[in-house]
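The values are calculated or read from the model by the stated rules, or taken from the named source; none is laboratory data. Just so you know, these numbers come straight off a predicted model, no measurement behind them. All Cβ positions, even for glycine, are placed from backbone atoms using ideal geometry, and neighbour counts span all protein chains on display. These area figures cover heavy atoms from the full protein model, side chains too; ligands, DNA and RNA do not enter into them. Shrake-Rupley method; radii C 1.70, N 1.55, O 1.52, S 1.80 Å.
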Amino acid sequence: MILYLHGFRSSPQSSKTSLLAAHMQALGLGDEYLCPQLPASPREAVELALEIASKVNPSELTLIGSSLGGYYATWLAEKLGCRAVLLNPAVFAARDLATQVGVKTQYHSNEPFEFKAAYIDELTALTVEKITHPERYFLIAATDDELLDWREMVAQFANARQHIIEGSDHGMSDFAEYAGEVLAFCGVDAGALQ
């Protein structure tokens, strides 16, 4: 089972999750891939993810987290003992999102939502100071991420498998090049798609 956690202001309609969902469908594994719409509240977002993950043995679960979803995936992987793929993950989410308090819109629907000041404390409560099992993590970070510092990501996931992309961007517009590598880490043989 793969559980994809999207980023701040993103959704299950993002290009990365849509691509992975299509690959899983093509492999006949569509029912093994989930990407829920996450609530704005970090506490509610991880509660939703825990509810979904509780139905799966941690050894059969891989989280994929993009940006803020990567921050959530790190906390969840530490709690559950499952694998996680981090795509340009937020490392210091409370710091990085402190300027985002207020009414925002989602990228794919323009639907408004409120990011409340209380959510900063909720993010702080999900801080992972140091990962405990680097072998369960796979970091993909872009050096030209315009929102987050890839060097913070590299430091947070020291000793984990890492693929540092020279260039690219925060949204990883070239993600199709790395989808097979991501699925392989999740235990999915994507060779049939080559």
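The charge dipole of the stretch 1-122, taken about its Cα centre with unit charges on the Cβ atoms of Lys, Arg (+1), Asp and Glu (-1) only, comes to about 260 debye. Summarising the label geometry, the points placed 7 Å from Cα in the beta-carbon direction at I164 and A179 lie 2.7 nm from one another.
Rounded to two decimals, the Cα-based Rg/Rh of the chain, with Kirkwood Rh, is 0.93. On the basis of the beta-carbon distance and an R0 of 22 Å, V103 and L50 show a calculated FRET efficiency of 0.20.
At full extension, F92 and T127 could sit 11.8 nm farther apart than now, given 0.36 nm per residue minus the alpha carbon distance. Under 5 Å between amide hydrogens, built in the peptide plane, is the criterion, and for R83 it picks out L61, L63 among residues at least 5 positions away or on other chains.
With both residues required to sit in the chain, DSSP beta bridges show an antiparallel share near 15%. Pair-distance distribution of the stretch 1-43: all C-alpha pairs, bin width 5 Å, starting at 0; shares per bin in whole percent are 5, 24, 31, 20, 11, 6, 2. A 1.4 Å probe run over the stretch 20-75, with the rest of the protein chains in place, finds 41 Å² accessible per residue. In order along the stretch 139-151, the Karplus-derived 3J(HN,Hα) couplings, from 6.51 cos²θ - 1.76 cosθ + 1.60 at θ = phi - 60°, round to 9, 10, 10, 9, 5, 9, 4, 7, 10, 10, 8, 4, 5 Hz, and Gly and Pro are given as x.
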